[in-house]
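Take a look at the structure below.
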Amino acid sequence: MLAPTLCGTTVLRRDIHADRIARRAVQGVLRDAPIEPVRDALLLTSELVSNAIRHTPGDCCVAAHYWPHERRLRVDVSDESSHLPTLPKRPSAEALSGRGMRLLDDIASAWGCTPTPSGKIVWFELQW
């Protein structure tokens, strides 16, 4: 596998604007990509960053790696919690939350979690 042609990393403070900042960072890396994978990438990035801000202590970091010739993107969201996310049962139609990891599982080409000494990285890949 070749090194990504475009990549970027952004540290996100615990802030209500963190997901918007993360989306802008990922969109900047994908500036020449087709619109459909960009939409999917922004949605999934927002979900992972929102989860990191909502459910973990401290700040988080988003890193995007784009291989245009392979038409592949990987986004990593790292945080300071060692708790690994799980794929919950499908929420009821009335539920107000619980859909983020399901969206990730339904849309991403691949996704997973990697423990780190300071917490974890939750990542996804899109290939088109």
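The values are calculated or read from the model by the stated rules, or taken from the named source; none is laboratory data. All of these numbers come straight from a predicted model, not from anything done at the bench. FYI the Cβ positions are ideal-geometry reconstructions off the backbone, even for glycines, and counts take in every protein chain you see.
Before moving on, here are some points about what is shown:
- Here residue 98 passes the criteria (1) at pLDDT below 95; (2) closer than 21 Å to residue 121 by Cβ except the one numbered (2).
- Strands (runs of 3 or more DSSP E) completely within the stretch 1-84 that count 2 or more residues being in contact (Cβ under 8 Å) with a residue 60 or more places away in the chain and either touching a strand residue (DSSP E or B) at 6+ places or on another chain (Cβ under 7 Å) or not basic (Lys, Arg) (or both): 60-67
- The residue that is farthest from residue 64 (Cα to Cα), among those in the stretch 26-52 that are crowded, with 20+ Cβ neighbours inside 10 Å and of a type in the set (Gly, Ala, Ser), is 52.
- Within the stretch 113-128, the set of residues being under 21 Å from residue 37 (Cα atoms) and of a type in the set (A, V, I, L, M) comprises 122, 126.
- For the stretch 11-61, the set of residues classified as within 12 Å of the chain's Cα centre (by Cα) and of a type in the set (Ser, Thr, Tyr) consists of 45, 46, 50, listed by residue number.
- Yes/no for residue 69 being surrounded by fewer than 12 Cβ atoms within 10 Å (Cβ to Cβ), at pLDDT 90 or above and under 24 Å from residue 6 (Cα atoms): yes
- Hits in the stretch 14-50 (condition: under 25 Å from residue 118 (Cα atoms) and out of contact with any helix residue (DSSP H, G or I) (no Cβ under 6 Å at 6 or more places or on another chain)): 15, 16, 17, 20, 21, 25, 48
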